[in-house]
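Novice: Take a look at the following structure, please.
The values are calculated or read from the model by the stated rules, or taken from the named source; none is laboratory data. Here the structure is a predicted model, which is why all the values come from computation and not from measurement. Heads up, the Cβs are rebuilt from the backbone with ideal geometry, glycines too, and the neighbour counts pull from every protein chain shown.
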Amino acid sequence: MIRSILLLLSSLLLAAGCTPQSPEPRPAASVEVAAPAQAEGETHTLERNVVQTEMQLLTTVLENAVRGIGEGDVSHIGDELHQLDDAKHATEAAVEDGSYTLPRNSDQLSTFLAMDNAFHGQLEAMVHASSANDVPAMARAMGDTLNACHSCHALFRDP
Ligand code: HEC
């Protein structure tokens, strides 16, 4: 899983560096996330839960950060990361009031919340790199951020 994310990100990085006219970064808030394909005859609408919404938004911001690193401008990433805050608060509220149940180890809520908090702390390093428009610092901070995905998924996400 982490391997395929890294492969995807590195191929995006190559694409961002080698294409003369790379696509503009997509604003994270307005990104339409494709719903999973519905089985034929199925009529109900498939909706993403709060964590899936947060994760999709996160993935989009990280993709944009890779493009920014390739283009030598990461100044917009901080704003995009701040948009994740709302998603994070929605997750915390839903986990705490029981309207969202973790796919695995749902009894270990405090561990999940602690990991989520620590993770968002790591995203702060990306915000700082963005404020300084410091491309190498952004790349280092992203590496740390990407290293954190798997430990949480291994505990709480369906295999
Ligand atoms: C604090 C825990 C935590 C961290 C850290 C975390 N995730 Fe997740 N992620 C989850 C959980 C829990 C799910 C499963 C959500 C569900 O299906 O209800 C998930 C699911 C996902 C999904 C699937 C979303 C969907 O629509 O089904 C993606 C993509 C994802 N994560 C990306 C990432 C990436 C990339 C990182 C690291 C940069 C990351 N996550 C870090 C907890 C985490």
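This table checks each residue for (1) farther than 18 Å from Thr59 by Cα; (2) at pLDDT 95 or above; (3) in contact with a Ser or Thr (Cβ under 7 Å, 6 or more places away or on another chain).
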residue	(1), (2), (3)
Ala94	yes, no, no
Asp97	yes, no, no
Asp107	yes, no, no
Leu113	yes, no, no
Gly121	no, no, no
Met126	no, yes, yes
Ala141	no, yes, no
Leu146	no, yes, no
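Novice: Restricting attention to region 127-135, does a residue exist that is of a type in the set (S, T, N, Q), outside any helix (DSSP H, G or I) and under 16 Å from Ala65 (Cβ atoms)? Break it down stepwise before answering.
Specialist: Within region 127-135, the subset of a type in the set (S, T, N, Q) is 130-131, 133.
Narrowing the set further to residues that are outside any helix (DSSP H, G or I) leaves 133.
After this cut, where a residue has to be under 16 Å from Ala65 (Cβ atoms) as well, the list is 133.
Among the residues of region 127-135, at least one is of a type in the set (S, T, N, Q), outside any helix (DSSP H, G or I) and under 16 Å from Ala65 (Cβ atoms), which makes the answer yes.
Novice: Among the residues that make up region 106-119, is at least one of them within 23 Å of Arg48 (Cβ to Cβ), within 16 Å of the chain's Cα centre (by Cα) and not hydrophobic (A, V, I, L, M, F, W, C)?
Specialist: yes
Novice: Just checking, how many residues over region 121-159 are exposed (fewer than 13 other Cβ atoms within 10 Å of the Cβ) and within 9 Å of the ligand (Cβ to nearest atom)?
Specialist: So the count comes out to 2.
Novice: What are the pairs with Cβ atoms under 6 angstrom where one residue, in region 50-78, is more than 17 Å from Arg140 (Cβ to Cβ) and the other, located anywhere, is within 15 Å of the ligand (Cβ to nearest atom) and not in a helix (DSSP H, G or I)? Sequence gap at least six, or different chains.
Specialist: Hits for this filter: Val50/Tyr100; Gln56/Val33; Thr60/Val31.
Novice: Looking at (1) closer than 13 Å to Val61 by Cβ; (2) out of contact with any Ser or Thr (no Cβ under 7 Å at 6 or more places or on another chain); (3) of a type in the set (Ser, Thr, Tyr), find the lone condition where Ser151 falls short.
Specialist: (1)
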